[in-house]
Amino acid sequence: MKWQRLLSFALIGTLILPLAACGSSGAGKEAESDDQVKIVYARGKDVTGATQKIIKAFEKKHPNIDVEYREMPADTGTSHDQYVTMLSAKSSEIDVFDLDVIWPAEFAQAGYLVPLDRFIQKDGLDLEKYNDAAIEAGKYNGKQWTMPAYIDNGLLFYRKDIVKNPPKTWDELIQQAKRDQGEKGTKYGYLMQAKQYEGLVCNFIEFVESYGGKVLDKNGKVAINSPDSVQGLKKMMELAQSDVVPGNITSFTELESHTSFIEGESPFIRNWPYQYALAQDKKQSKIVGKVGVTQLPEGDEKSAATLGGWATGINKFSKHKKEAWEFMKFLNGPEGQKIAAVHGGRAPTYMPLYDDAEVKKASPLFADKAYIEGVKNAVPRPISPQYPEISDIIQIEVSKALAGKQSAEEAVKNMDQKLKKVLK
């Protein structure tokens, strides 16, 4: 920011200080003013420059609001912990911040977020134009706590020079993986993320949901113990224990799986949207121009893709909630999301943007019908303040099942018992 603007803020601050001292504008209370206001937006590092473009466009429309971009650590765990430390101290140093899609319930229950329903209703926002799963991920106890910023979701990538018609079901995938293993120098038939970490939970959710199972029901009650969940886990075990995956598949994260795929070692991989751009990178990939994408295979019920991505919330202790909402509305609305898509490559959660010519031009994925269907089929992970404990339980029990140490029925029963203790 230029020194002249800093001087202006200093003068304004000097003028309004006596009034502020006489008022009751403590942390958590909104400062209503037509004067120049500065808000702070916190999010992870953005190497694309899209965030600054969004801020510039917003400030042009709202000349009385200045937005400072505060860069948070790239590591989401570290970023999470810094937010918790800051907000548990009731700090008002940030106003708007990005949240991983698995955080909203935790932060809402802790009292760190402003409920957005009154803002949404007042401004007449049509939430039906947003991705359903991304909206649901921001709900807790009947209230909307975040707005979706951009989305990630599980997808099936395949070698177009090997696979002519991508599989529609998991059974078809297994058949094709066996048939195509070894074609054009491939070593495996399928790649996934099966290490005991969060990626394993994402893969598990996709299998279970595709067969009609759920970890929690709509009321947040444990619902894992069902024949559908067992069937989903059995299909996951069938793949993970087969000869079509690497023998050490239980050590594979995104890094190991995407590296193997761009080395030309498999005709199929389950991964996130970034896989497409990586496969087209001539400096790294041996399969440039040979990759197609489609939605994940169906089970007995449907195709299901685990929701990833980020949402945005307002700090409960912000002194500028009104201005914070104006920025958040722009950031996550059609204008902000279009800038993020065109200049940052971020997949919109505002679904009409997939019909926008500039958005389609920005990435082949955004114009791909199969990709858009995959986005529509995204399902959130269990929405609960206790999500970290839920994830740990799933990781442990599914890992045991994939390692052959317990049956699908035993794994599901153990998850049911342990989850009920956590969520009692």
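Suppose the filter is within 19 Å of residue 365 (Cα to Cα) and among the aliphatic types (A, V, I, L, M); does residue 125 pass it? Spelling it out, it is not the case that residue 125 is within 19 Å of residue 365 (Cα to Cα) and among the aliphatic types (A, V, I, L, M).
Scanning the range 54-82 for residues that are in contact (Cβ under 8 Å) with a residue 40 or more places away in the chain, surrounded by 17 or more Cβ atoms within 10 Å (Cβ to Cβ) and either among the basic types (Lys, Arg) or part of a helix (DSSP H, G or I) (or both) yields 54, 58.
Residues in the range 351-408 that are in contact with a Lys or Arg (Cβ under 8 Å, 6 or more places away or on another chain), of a type in the set (Ser, Thr, Tyr) and not assigned by TED's automatic domain parsing to the domain that holds residue 230: 354 only.
For residue 165, the criteria (1) touching a helix residue (DSSP H, G or I) at 6+ places or on another chain (Cβ under 9 Å); (2) assigned to a helix (DSSP H, G or I) hold in every case but one, which is (2). The condition of being part of a helix (DSSP H, G or I), free of Cβ contacts under 8 Å to residues at least 60 places away in the same chain, touching a helix residue (DSSP H, G or I) at 6+ places or on another chain (Cβ under 9 Å) and more than 30 Å from residue 251 (Cβ to Cβ) holds for residue 361. In the range 379-416, what residues are modelled with pLDDT of 95 or more and in contact with a strand residue (DSSP E or B) (Cβ under 9 Å, 6 or more places away or on another chain)? Listed by number, the residues that qualify are 390, 415, 416. Quick check on this structure: which one of 133, 149 is under 18 Å from the mean Cα position of the chain (by Cα), at pLDDT below 95 and not in a loop (DSSP other than H, G, I, E, B)? The conditions single out 133.
Considering every residue within the range 96-119, establish whether at least one is without any contact (Cβ under 8 Å) to a residue 24 or more places away in the chain, in the same structural domain as residue 325 (by TED's automatic domain parsing) and not in a loop (DSSP other than H, G, I, E, B). Yes: the range 96-119 contains one or more residues that are without any contact (Cβ under 8 Å) to a residue 24 or more places away in the chain, in the same structural domain as residue 325 (by TED's automatic domain parsing) and not in a loop (DSSP other than H, G, I, E, B). List pairs: first residue in the range 144-165 and without any contact (Cβ under 8 Å) to a residue 40 or more places away in the chain, second residue surrounded by fewer than 24 Cβ atoms within 10 Å (Cβ to Cβ) and hydrophobic (A, V, I, L, M, F, W, C) anywhere in the structure, Cβ distance under 9 angstrom, at least six positions apart or on different chains. Qualifying pairs under 9 Å: 144/116; 144/120; 144/127; 144/135. Among the residues of the range 243-286, the ones that are of a type in the set (Lys, Arg) and within 17 Å of residue 202 (Cβ to Cβ) come to 1 in all. Total residues in the range 349-371 satisfying the condition of being modelled with pLDDT of 90 or more, within 17 Å of residue 293 (Cβ to Cβ) and under 19 Å from the mean Cα position of the chain (by Cα): the figure is 2.
All told, residue 231 meets the bar of being modelled with pLDDT of 95 or more, polar (S, T, N, Q), assigned by TED's automatic domain parsing to the domain that holds residue 293 and over 24 Å from residue 158 (Cβ atoms). Within the range 181-222, restricting attention to residues that are charged (D, E, K, R) and in contact (Cβ under 8 Å) with a residue 40 or more places away in the chain, which residue is surrounded by the most Cβ atoms within 10 Å (Cβ to Cβ)? My answer is 206. Looking at (1) closer than 23 Å to residue 84 by Cβ; (2) crowded, with 19+ Cβ neighbours inside 10 Å, which is the only condition residue 143 fails? If we test residue 143 against (1) closer than 23 Å to residue 84 by Cβ; (2) crowded, with 19+ Cβ neighbours inside 10 Å, just (2) comes out false.
Can you find, within the range 120-130, the residue that is surrounded by the most Cβ atoms within 10 Å (Cβ to Cβ) among those that are of a type outside the set (Lys, Arg) and in a helix (DSSP H, G or I)? Checking each candidate, the answer is 120. Could you say whether any residue in the range 148-164 is surrounded by fewer than 16 Cβ atoms within 10 Å (Cβ to Cβ) and out of contact with any strand residue (DSSP E or B) (no Cβ under 7 Å at 6 or more places or on another chain)? Looking for residues that are surrounded by fewer than 16 Cβ atoms within 10 Å (Cβ to Cβ) and out of contact with any strand residue (DSSP E or B) (no Cβ under 7 Å at 6 or more places or on another chain), one finds at least one in the range 148-164, hence yes.
The values are calculated or read from the model by the stated rules, or taken from the named source; none is laboratory data. As the structure is a prediction and not an experimental result, all values here were calculated from the model. For neighbour counting, all protein chains shown are included, and Cβ atoms are generated from backbone atoms with ideal geometry for every residue, glycine included.
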